[in-house]
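Laboratory data are not the source of any read-out in this text; all were calculated from the coordinates shown. For clarity, every value in this text was computed on a predicted model and none was experimentally measured. Here the Cβ positions follow ideal geometry from the backbone for every residue, glycine too, while neighbour counts run over all protein chains shown.
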Amino acid sequence: MKTFAQFLPQHLAQHGIPAELGSVLESVVSACCDISGKVRLGALAGVLGAAGTGNIQGEDQKKLDVIANDILIKVLKNNQNVAGLASEEEDTFVACNGNGRYLVLFDPLDGSSNIDVNISVGTIFSILAKSEGALATESFLQSGRAQAGSGYVLYGPQTQLVFTLKHGVFVFTLDENGVFVLTQEQPQVPVATKEFAINMSNQRHWLPPVQQYVAELLAGETGVRGKNYNMRWVASMVAEIHRILMRGGVFMYPQDTRDLSKPGKLRLMYEANPMSLILEQAGGAAGDAAQAMLDIQPTGLHQRVAVFMGSREEVEYVERLHRV
Ligand code: P6P
């Protein structure tokens, strides 16, 4: 079985992908190996619990949020190919190396509310080519379709790396020696599914199209969909999306009436876009119910977006309900 270090140069050469982009991916993967080591030790490394600080999102940071963020920033700043980075945990972008050609955006530890109760969490990353000119916030505000690559590392029962450089999706599993080994090539998201993921406790706040959609799913074979559905909600996007990549499903975090000034909870640049690229590369679909996620023109580093992603049949169905 090929290691990541063996696979990557062959993949770059096969598809004419710049070595500099491969180098940036290597740095992200290296940082995530370090993060995995901290996550796995939990209390034994004194990394559980609150950091006692907050981020621009208005969220209380966990110690591991800060640790993971610091590891990624340190590693990426040391890579001459990285011009700048943006993080869920940083108010503004961080300038790295003036001659760098790439930008990296990340959620260093998504789902961190699960850490203290030992439920899977993950790192999500997006890589953009830097446009000409001085580095500025606008340098990062590129559509998801402009991504040079994206992926995630899931710190679950196994630590798994999933990425795309826009030539398919590849899955690696961390072995006992801390080496990522290729364990799956080109997984495809099943077009149809019987499984949906949404936080049902928000049901009374949803807008009518989502109310109707979920009611039809719950009606099962007695309703218009004619089949029974199962439900999952891990409260960790990386775990949900990985499950969908492996066996299908639809993951939703819609806008709701609690705050109509917010289009949704999840962030476009370092959660929705990287996951949408992975899913589209694997035959899935992703959007905000009005348009494909990857076509949205960003207006801010931390902008939020409604999310519907996974098995194409379901994403297209819920999009149709938003058009009637
Ligand atoms: P809720 C984690 O905080 C996250 O950003 C995603 O990983 C997850 O899918 C969602 O929020 C969970 O949100 O409202 O169910 O806690």
Worksheet item: For the chain, what does -39500 (n - 2.57) per DSSP helix run (n ≥ 4), summed and divided by total residues, give at 222 nm, in deg cm²/dmol to the nearest 500?
Response: -9000 deg cm²/dmol
Response to the item:
Expressed as a whole-number percentage, the relative contact order of the stretch 125-236 with C-alpha contacts under 8 angstrom and at least six residues apart is 14
Worksheet, complete the sentence: The size of the Cβ-based charge dipole (Lys, Arg +1; Asp, Glu -1) of the stretch 195-323 about the Cα centre, to the nearest 20 debye, is 260
Discussion item. Compute, for the chain, the length of the dipole vector about the Cα centre, with Cβ point charges of +1 (Lys, Arg) and -1 (Asp, Glu) only. Units Debye, rounded to 20.
Written reply: 360
Worksheet entry | Ranked list, fewest to most other Cβ atoms within 10 Å of each Cβ, for Met275, Met231, Met309, Met293 | Met231, Met293, Met309, Met275
Discussion item. Can you tell me, using C-alpha contacts under 8 Å and at least 6 residues apart, the relative contact order of the chain as a whole percent?
Written reply: 16
Item to complete: Report relative contact order for the stretch 4-185 in percent, whole number only (criteria: Cα-Cα under 8 Å, sequence separation at least 6).
Response: 15
Worksheet item: With a 10 Å Cβ neighbour count serving as the proxy for reagent exposure, in which order, fewest first, do Met200, Met246 appear?
Response: Met200, Met246
Item to complete: State to the nearest 20 debye the size of the charge dipole of the stretch 39-179 about its Cα centre, where the only charges are +1 on K and R beta carbons and -1 on D and E beta carbons.
Response: 460
Item to complete: Find how many whole Å separate the alpha carbon centroid of the stretch 40-115 from the alpha carbon centroid of the stretch 181-226.
Response: 31
Practice prompt. Excluding residues on the same chain fewer than 8 positions from Lys77, give the lysines whose Cα lies under 17 Å from its Cα.
Written response: Lys130
Fill in: Taking Glu280, Glu319, Glu314, Glu26 and counting other C-beta atoms within 10 Å, the order from fewest to most
Glu26, Glu319, Glu280, Glu314
